[in-house]
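J.: Got a structure for you, written out below as structure tokens; questions coming shortly.
The values are calculated or read from the model by the stated rules, or taken from the named source; none is laboratory data. Everything quoted here is computed from the prediction, not taken from an experiment. Cβ placement follows ideal geometry from the backbone for every residue including glycine, while neighbour counts extend to all protein chains displayed. Remember, those area values only see protein heavy atoms, side chains included, never the ligands or the DNA or RNA. Shrake-Rupley method; radii C 1.70, N 1.55, O 1.52, S 1.80 Å.
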Amino acid sequence: MYNSKIIGLGKYLPENVVTNADLSKMMDTSDEWIQERTGIQERRWIPEGSEDTSAVMGAKAAKIAIERAGLTKDDIDFIVFATLSPDYYFPGCGVQIQDLLDMPTVGALDVRNQCSGFVYALSVADQFIKTGMYKNILVIGAEYHSNGLDKTTRGRGVTVIFGDGAGACVLSREEDTTKGILSTHLHSEGKYADKLIVASPSIAHWVPEILESTEEDISYFPYMDGTFVFKNAVVRFSEVIIEGLMKNNLTKKDIDLLIPHQANLRIAQFIQKKFGLSDDKVFNNIMKYGNTTAASVVIALTEAWEQGKIKEGDHIVLAAFGSGFTWASAVIKW
Ligand code: UT7
């Protein structure tokens, strides 16, 4: 048996900054409302004419992660790609990475778990490494939200939250089983699928719904029951963090850095308070990037690492909750 550990991290954010003031020109919203309810000041949206997509951004982040790992693309044995905004209905973005990075014909798997996508993807990769099947796995989270959002007042409850971006890591074999990913914890509750959903296009609905829909009933924009999602998020975040700590005989005092999915600064602050963590023990960057769904945890992890906030031997806890509902955590000894 082996453990797996992260040996390289990378991120890519489109340069185009969209501020709350910019949004208030498109819809009835305000900087004050957005900051007070979400903590978001600005986000990145891929500009018109750009060649960036989820796969392209994922490839850019992956290149950095591979380089920082001291490896080349030829050392990667497998690709796991998490997104809710793939370039195509099918095939998934994973195979595009194989092509974009000109990699050997390694396997590629797509994970469709929305906000907890990266933590799920990390868990999948961890299992392949633990069993000895693969040595180096590229794990990517990337989202291209901005082209699929309702940018009118009708969509303001959702649209102001989401941002575009990508993050990636190289997960590698670790012989010392007291180090690296100590455990991962995955959950779902499908009865709430309709609380945060893009209902069509789908095989069941896309042609009739899109072709016959009127302006009012289109369902290809994301729908979210924000208050319901918020209430569930705070409970599930707490549960899954506690589950991870207990599994490893750790307590909240052992957390050196908590990286929560960047859904809403108020959710992160609630969790911080509940666990009695000081400001330096919780990493947030939602203020700059908004909610980048499956990319958010790995972008935040990369940025925390770039800022020197992660040291050898630290206990890092990743936690996420979102559409599905799905939620997950990972406890890492760096
Ligand atoms: O990442 C996946 C998981 N997602 C989450 O965890 C998100 C969880 N939910 C949330 O973050 C919050 O529910 C939101 C930020 C989405 C919304 O905040 P809220 O405090 O729950 O507001 P609300 O939806 O209850 O809306 C309050 C009011 C409403 O007006 P009335 O009915 O009180 O007159 C909305 O129409 O705010 C209005 N509103 C807005 N006003 C200005 C909704 N969106 C906006 C907006 N600008 N962008």
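J.: Would you be able to say whether some residue in segment 244-255 is in contact (Cβ under 8 Å) with a residue 12 or more places away in the chain, within 16 Å of the ligand (Cβ to nearest atom) and buried (at least 21 other Cβ atoms within 10 Å of the Cβ)?
T.: no
J.: What number of residues within segment 96-111 satisfy the criterion of being in a loop (DSSP other than H, G, I, E, B) and either at pLDDT below 95 or among the small types (Gly, Ala, Ser) (or both)?
T.: Final tally of qualifying residues: 0.
J.: Checking the structure you have, find out if any residue of segment 48-62 is in contact with a Gly (Cβ under 7 Å, 6 or more places away or on another chain), on the phi < 0 side of the Ramachandran plot and open to solvent by 30 Å² or more (accessible area, probe 1.4 Å). Talk me through it step by step, then tell me what you get.
T.: If we filter segment 48-62 for residues that are in contact with a Gly (Cβ under 7 Å, 6 or more places away or on another chain), which is where we start, we get 57, 61-62.
If we keep only those that are on the phi < 0 side of the Ramachandran plot as well, we get 57, 61-62.
Those left that are additionally open to solvent by 30 Å² or more (accessible area, probe 1.4 Å): none.
No.
J.: Is it fair to say residue 241 is more than 16 Å from residue 149 (Cα to Cα), in the same structural domain as residue 310 (by TED's automatic domain parsing) and either in a strand (DSSP E or B) or at pLDDT below 95 (or both)?
T.: Spelling it out, it is not the case that residue 241 is more than 16 Å from residue 149 (Cα to Cα), in the same structural domain as residue 310 (by TED's automatic domain parsing) and either in a strand (DSSP E or B) or at pLDDT below 95 (or both).
J.: From the set of residues in segment 63-78 that are of a type outside the set (A, V, I, L, M, F, W, C) and in a helix (DSSP H, G or I), which is most open to solvent (accessible area, probe 1.4 Å)?
T.: 67
J.: On the given criteria, is residue 321 open to solvent by less than 40 Å² (accessible area, probe 1.4 Å) and within 16 Å of the ligand (Cβ to nearest atom)?
T.: yes
J.: May I ask you to verify whether residue 6 is within 30 Å of residue 331 (Cβ to Cβ), in contact (Cβ under 8 Å) with a residue 12 or more places away in the chain and crowded, with 18+ Cβ neighbours inside 10 Å?
T.: Values: within 30 Å of residue 331 (Cβ to Cβ): yes; in contact (Cβ under 8 Å) with a residue 12 or more places away in the chain: yes; crowded, with 18+ Cβ neighbours inside 10 Å: yes.
So residue 6 fits the description; yes.
J.: List every residue pair whose Cβ atoms lie under 8 Å apart, where the two residues are 6 or more positions apart in sequence or sit on different chains, the first residue falls within segment 12-28 and is within 20 Å of residue 52 (Cβ to Cβ), and the second residue, located anywhere, is among the aromatic types (Phe, Trp, Tyr) and buried (at least 17 other Cβ atoms within 10 Å of the Cβ).
T.: 13/289; 14/45; 16/45; 18/45
J.: Right, another one. Check whether at least one residue in segment 141-160 is open to solvent by less than 50 Å² (accessible area, probe 1.4 Å), at positive phi and assigned by TED's automatic domain parsing to the domain that holds residue 21, and report yes or no.
T.: Going residue by residue through segment 141-160, those that are open to solvent by less than 50 Å² (accessible area, probe 1.4 Å) are 141-143, 145-146, 148-150, 155, 157-160.
With the extra rule that they be at positive phi, the set shrinks to none.
Taking every residue of segment 141-160 in turn, none turns out to be open to solvent by less than 50 Å² (accessible area, probe 1.4 Å), at positive phi and assigned by TED's automatic domain parsing to the domain that holds residue 21.
J.: Follow-up question, since we're still on this one. Before we move on, is residue 116 within 16 Å of the ligand (Cβ to nearest atom) and either not assigned by TED's automatic domain parsing to the domain that holds residue 144 or not in a loop (DSSP other than H, G, I, E, B) (or both)?
T.: yes
J.: So, in segment 142-161, exactly how many residues are within 13 Å of the ligand (Cβ to nearest atom), of a type outside the set (Lys, Arg) and in contact with a Ser or Thr (Cβ under 7 Å, 6 or more places away or on another chain)?
T.: So the count comes out to 6.
J.: Here's another thing I want to ask about it. Scan (1) under 22 Å from residue 240 (Cα atoms); (2) over 20 Å from the mean Cα position of the chain (by Cα) for the single condition residue 185 breaks and write down its number.
T.: For residue 185, the exception is condition (2).
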